[in-house]
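Q: Mind looking over this structure? Questions follow.
Every read-out reported here was derived from the displayed coordinates using simple, explicitly stated rules and does not represent laboratory data. Quantities reported herein were computed from a predicted structural model and do not represent experimental measurements. Backbone-built Cβ (ideal geometry, glycine too); neighbour counts: all protein chains shown.
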Amino acid sequence: MSFSTRVLDHFRSPRFAGELAGASGVGEASNPACGDVLRVWIRTDQDRVVEASFMAEGCAPVIACGSWLAERVRGALVSEIASLGPGDVEAGLDGLPPASSHAARLAVEALRGALEAARRAPQSQPPRPTSARRDGD
C-alpha cells in the first residue's frame, strides 16, 4: 500500500493532536471492523471554529485524516466546513488507497459530531455588571 507524501507528512508530524480544553464540541467516530477511533474537538466563537484538535487510535491514514482535518477547520466558518465530505479529506491529502478510505469517513463523522455538539451547547453569556449599590443606600 502506497501513501501520498501529504498522508505521510501528517502521519509523521501530526498537527493539533491532543485534547482541547474548553472545547465547544467533541465528536467521535469509530470503525468496529478494524478498531480505529477518531475524536475531534472544536472551539467555536460565533460562526467560526477558532481552535480544533484530534486524537486517533488506529492506522496511519486515520492519524493523517485527523491531523489534516484539525488543520483545515481552524479559522473556518462553520457554514463553510459543515458540508465537508470524505472526498474533500481524501483530496486534501492527495488521495488515499481504497483500503484506507474509511479514515476519511471517520474524520467527517467525528467533525459532524463535534459541530452538532457545539450547536447544542449553551452559549456562554458575558458576565453582567454588578451594581455597587448596597441595600440601604
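Q: Counting pairs of alpha carbon atoms under 8 Å apart in space and at least six apart in sequence, what relative contact order in percent does the chain give? Please report the intermediate quantities before stating the final value.
A: Working: 255 pairs, mean separation 41.5, N = 137.
In percent, rounded to a whole number, it is 30.
Q: For the chain, what does the helix formula give at 222 nm: sum of -39500 (n - 2.57) over DSSP H segments with n ≥ 4, over the residue count, nearest 500 deg cm²/dmol? Walk me through the numbers before you get to the answer.
A: Numbers: 5 runs with 53 residues, N = 137.
Computed ellipticity for the chain at 222 nm equals -11500 deg cm²/dmol.
Q: Hydropathy first: keep DSSP H helices in the chain averaging at least 0.5 on Kyte-Doolittle, then drop any whose Cα extent along the axis falls short of 18 Å, and list what survives. Walk me through the intermediate numbers first.
A: Working: long enough: 60-73 (20 Å, 0.92); 101-120 (29 Å, -0.06).
Correct list, ordered by number: 60-73.
Q: Here's another thing I want to ask about it. Taking Rg and Dmax of the Cα atoms in Å straight from the coordinates, which label in [x] 14.3, 49; [y] 18.3, 79; [z] 19.0, 65 is the correct one?
A: Matching entry in [x] 14.3, 49; [y] 18.3, 79; [z] 19.0, 65: [y].
Q: Using the count of nearby Cβ atoms within 10 Å as a rough guide to exposure, how do CYS34, CYS59 rank from fewest to most? All intermediate terms of the calculation are to be shown ahead of the outcome.
A: On the way: CYS34 13, CYS59 19.
By the 10 Å Cβ count, ascending: CYS34, CYS59.
Q: Using alpha-carbon positions, what is the distance between the centroids of the range 3-38 and the range 45-80, in Å?
A: 8
Q: Size of the dipole of the chain about the Cα centre, Lys and Arg at +1 and Asp and Glu at -1 on the beta carbon, nothing else charged, in debye to 20? Don't skip to the answer; put the middle values down first.
A: Values: 15 positive and 17 negative charges, 62 e Å.
The calculated dipole for the chain is roughly 300 debye.
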